[in-house]
Each structure stands twice: as structure tokens, then as C-alpha cells.
Amino acid sequence: MIFAKIAGTGSYLPKTILSNADLAERVDTTHEWILERTGIVSRHIASLSETTTEMAVAAAKKALAAANTLPNEIDLIVVATCTPDKNFPSTACHVQQALDIPPCPAFDLQAACSGFVYGVSVVDQFIRSGHTKKALLIGAESMSRVVDWQDRRTCILFGDGAGAVVIEAAETPGILATQVSADGREKDILFLDNSPGATLQMQGNSVFKLAVNQLDKIAGKILADQNLTIAALDWLIPHQANIRIIQATAEKLGLPMEKVILTLDHHGNTSAASIPLALDIGIQQQKVKRGQLLLLEAFGGGLTWGSALIRY
Ligand code: ACO
């Protein structure tokens, strides 16, 4: 049997840091309000000339190095993003060109903030079906380009960045299970139109309630389906949207916050980049170690949601 495992990770954050105090100079808000309601202290913002592709490539180079993999070994590229530089060619094709990766399947995957977890599911299936030996999966976002900087309800939440993983075929299971889903009936509570100058629109409170009501069930189900309990888990690596959502989920699961990887405070919500960024930071900080059991879980516009159980 063929399985898929994470061979290496990498991440990239733009240099410019925007603090809550900086935001309070632009809109009617305070550091205290943002910290208390979201857990966010600062976020990284791409420069005007920096593209989603460039951030994706920077993260990918680090993941390739960590995986001891050459670009010409990659035979699948998937970029999870809802902020591509162009509608087409895909960000994945731009990454392929920039890294000189030989012809192979390359495409973008759009599931808003759930994009990376959807990507893990897709790559896992490409590998287990024998179509792919080494895949590059990236989550990369320029959320700063699509938020309304006059809207204090949304502009305080988001940041830019990219995270990447090399996933390769293996004889023993690394990716144990993935579960992804969506409910288009909730399409209007969080959306970004395709018209020029459109900005992200969100009914924050509705998204908040749905997330808090769903995420522990999503996490509980994937564990139960693998005959595992929460006690088996080494790390929860959640989509970094709001500390109160993460705390409520951990509490309902009976998981201590010490077992949750948090990057929200200094990254904000980087949409599809948030989980691979948190995973890579967790590895860099030597919290996440080989052999440990990781649960990734996310929700986002669509609504979409998903989880991945991984033996790292
Ligand atoms: N500073 C000060 N006051 C503010 C701010 C701000 N930045 N933003 C809103 N307020 C005010 C509102 O105007 C409101 O005032 P009012 O009562 O006088 O009308 C009050 O604060 C409360 O507003 P709520 O929207 O009810 O605040 P809430 O506690 O729900 O927090 C938040 C808002 C942080 C957006 C929260 O709802 C949230 O995190 N929602 C989830 C968002 C999310 O996770 N999105 C992820 C998906 S993103 C994707 O898929 C791309």
C-alpha cells in the first residue's frame, strides 16, 4: 500500500509588521479591543510590489530544502489561495516557472480559509492512487489586498504570508485521514466578489457562532473514525482566526491550550496560509516533533471546513 507523509515544511512572512496601535491610527479601534475580541497583536503585510506567488515561492524553497528535495523531483503542485495574483494562469503555474519544476499537474485550490486542509486531502489522494510521488502543497495569501481598510470589523483580522509542505509517498502512514466538507447555504455570510476593487465582506458574528458550534464536532469525528481519543493527540493546529473560537473548541474537546499551536497573535488570520505557517513555526520552535500525532482543522468562506489527522 502507498501512504503519504510530510517530508518537510517552510514558511514566509513579509517584513512589514502592522500593530494594533498602527491600526488604531487608521480606524476607530483600540489595541485592547482587538486583543480581547480576537487575540491578535500584530500581523505581517506584503509590500505593494510583493505578490502571492513570491511569498509562495519563498515558503516552497524552504520546504524543499527541509525535505532534501530538488525542484525536478516534484510531480504535483497545489496552491491553496483565495488571493491569487491572476485568475489564470494559476499561482501554481507561476510557482512552477519560478522554481523550474518540470511539467506536472499544477493548479490552485480555492476553499477560502479551509484551502490548505482541502489541499492535504487532495494531495493525499493523488499520492495514494499512485499518480504522485512528491507533491508541493502551499497555502499563500495576500489578504491585505482584499480587505476594506476603512472597515474596522474586518481590517483588524487579516494578515499576509505563506506556508508550504512537501508531501511524499511512503510505506507507512503519515496522513492518517482527511475529512472535508462545505455548506453553500451559508455562502452569503463571508464572501469576496470578483469585481474590481471588491473587498471581503463578513457577518463576523454568524461566522463566529457557526465555527464555535462546528469545530469540536469536526475534530471529534475524525478522531473517532480512526478509533482515537483526544488524549492521543500531541498537537491541535487550528486555522488561526480568533483566539475565542480556538479556546472554545479546545475546551469542548477537553484539550489543554498547551497542546494547541498558536500563531494568531503575531500573524492574524492569513486564510489558507495560516495552518501551514503554524505547522512550520511549531516545527521551528521544536514543539512539533517527528512521530507525533497532529490534528489540523479549519473553516472558512463557503462555508467550507475540514480536518486532517497526521502522524508527523
Ligand atoms: N474596534 C472597536 N469596536 C469594534 C471593532 C473594532 N475593530 N469592530 C467591531 N466593533 C464594534 C461593533 O461595531 C459593535 O458595536 P455596536 O455594538 O455598537 O454595534 C461591537 O464592536 C461588537 O461587534 P461584533 O461584530 O458583535 O463583535 P464580535 O465580538 O462578534 O467580534 C469579530 C467581531 C472579531 C469579527 C468576531 O465576530 C469574529 O472573530 N468572527 C469570526 C471571523 C472569522 O473567524 N472569520 C474567519 C473566516 S475568514 C475566511 O474564510 C477568508
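Observations, loosely collected:
- Restricting the range 9-29 to residues that are part of a strand (DSSP E or B) and not β-branched (V, I, T), the residue that is surrounded by the most Cβ atoms within 10 Å (Cβ to Cβ): S11
- Failed item in (1) of a type in the set (G, A, S); (2) more than 26 Å from G220 (Cα to Cα); (3) surrounded by 16 or more Cβ atoms within 10 Å (Cβ to Cβ), with A182 passing the rest: (2)
- Against the conditions (1) more than 16 Å from the ligand (Cβ to nearest atom); (2) closer than 26 Å to I45 by Cα; (3) among the hydroxyl-bearing types (S, T, Y), T132 satisfies every one except (2).
- Test: residue in the range 238-245 that is modelled with pLDDT of 95 or more, more than 16 Å from the ligand (Cβ to nearest atom), more than 22 Å from S121 (Cα to Cα) and not aliphatic (A, V, I, L, M): no
- The range 165-178, residues that are open to solvent by less than 50 Å² (accessible area, probe 1.4 Å) and either of a type outside the set (D, E) or part of a helix (DSSP H, G or I) (or both): V165, V166, I167, A169, A170, G174, I175, A177, T178
- Of residues in the range 60-113 being polar (S, T, N, Q) and assigned to a helix (DSSP H, G or I), the one farthest from V165 (Cα to Cα): Q97
- Scanning the range 30-40 for residues that are open to solvent by less than 60 Å² (accessible area, probe 1.4 Å) and in a helix (DSSP H, G or I) gives I34, T38.
- Some residue of the range 88-96 being open to solvent by 20 Å² or more (accessible area, probe 1.4 Å) and in contact with a Gly (Cβ under 7 Å, 6 or more places away or on another chain): no
- Considering residues of the range 187-201 that are in contact (Cβ under 8 Å) with a residue 60 or more places away in the chain and either in contact with a helix residue (DSSP H, G or I) (Cβ under 7 Å, 6 or more places away or on another chain) or open to solvent by less than 50 Å² (accessible area, probe 1.4 Å) (or both) only, the residue nearest to F299 (Cα to Cα): L190
- Inter-residue pairs, beta-carbon under 7 Å, first more than 7 Å from the ligand (Cβ to nearest atom) and polar (S, T, N, Q) and in the range 20-33, second open to solvent by less than 20 Å² (accessible area, probe 1.4 Å) and assigned to a helix (DSSP H, G or I), 6+ apart: N20/I34
- Filter pass, I175 being β-branched (V, I, T), within 12 Å of the ligand (Cβ to nearest atom) and on the phi < 0 side of the Ramachandran plot: no
- Boolean, A164 is away from the ligand (no atom under 12 Å from the Cβ), at pLDDT 95 or above and under 29 Å from L255 (Cα atoms): yes
- Selection from the range 269-305 of residues that are within 12 Å of the ligand (Cβ to nearest atom) and not in a loop (DSSP other than H, G, I, E, B): N269, S271, A272, A273, S274, A298, F299, G300, T304, W305
- Subset tally (residues that are over 18 Å from A80 (Cβ atoms) and open to solvent by 10 Å² or more (accessible area, probe 1.4 Å)) for the range 280-312: 11
- Checked against (1) within 20 Å of the chain's Cα centre (by Cα); (2) in a strand (DSSP E or B); (3) over 18 Å from A92 (Cβ atoms); (4) of a type outside the set (D, E, K, R), T154 passes all but condition (2).
- Residue in the range 223-268 that is surrounded by the most Cβ atoms within 10 Å (Cβ to Cβ), counting only those that are among the aliphatic types (A, V, I, L, M) and part of a loop (DSSP other than H, G, I, E, B): A241
- Residue match in the range 219-229 (condition: within 15 Å of the ligand (Cβ to nearest atom) and under 17 Å from the mean Cα position of the chain (by Cα)): no
The values are calculated or read from the model by the stated rules, or taken from the named source; none is laboratory data. What you see is a predicted model, and the numbers here were worked out from it, not measured in a lab. Ideal geometry is used to build each Cβ from the backbone, glycine not excepted, and the neighbour counts take in all protein chains shown. Accessible surface is based on the protein model in full, side chains and every heavy atom, while ligands, DNA and RNA are left aside. Shrake-Rupley method; radii C 1.70, N 1.55, O 1.52, S 1.80 Å.
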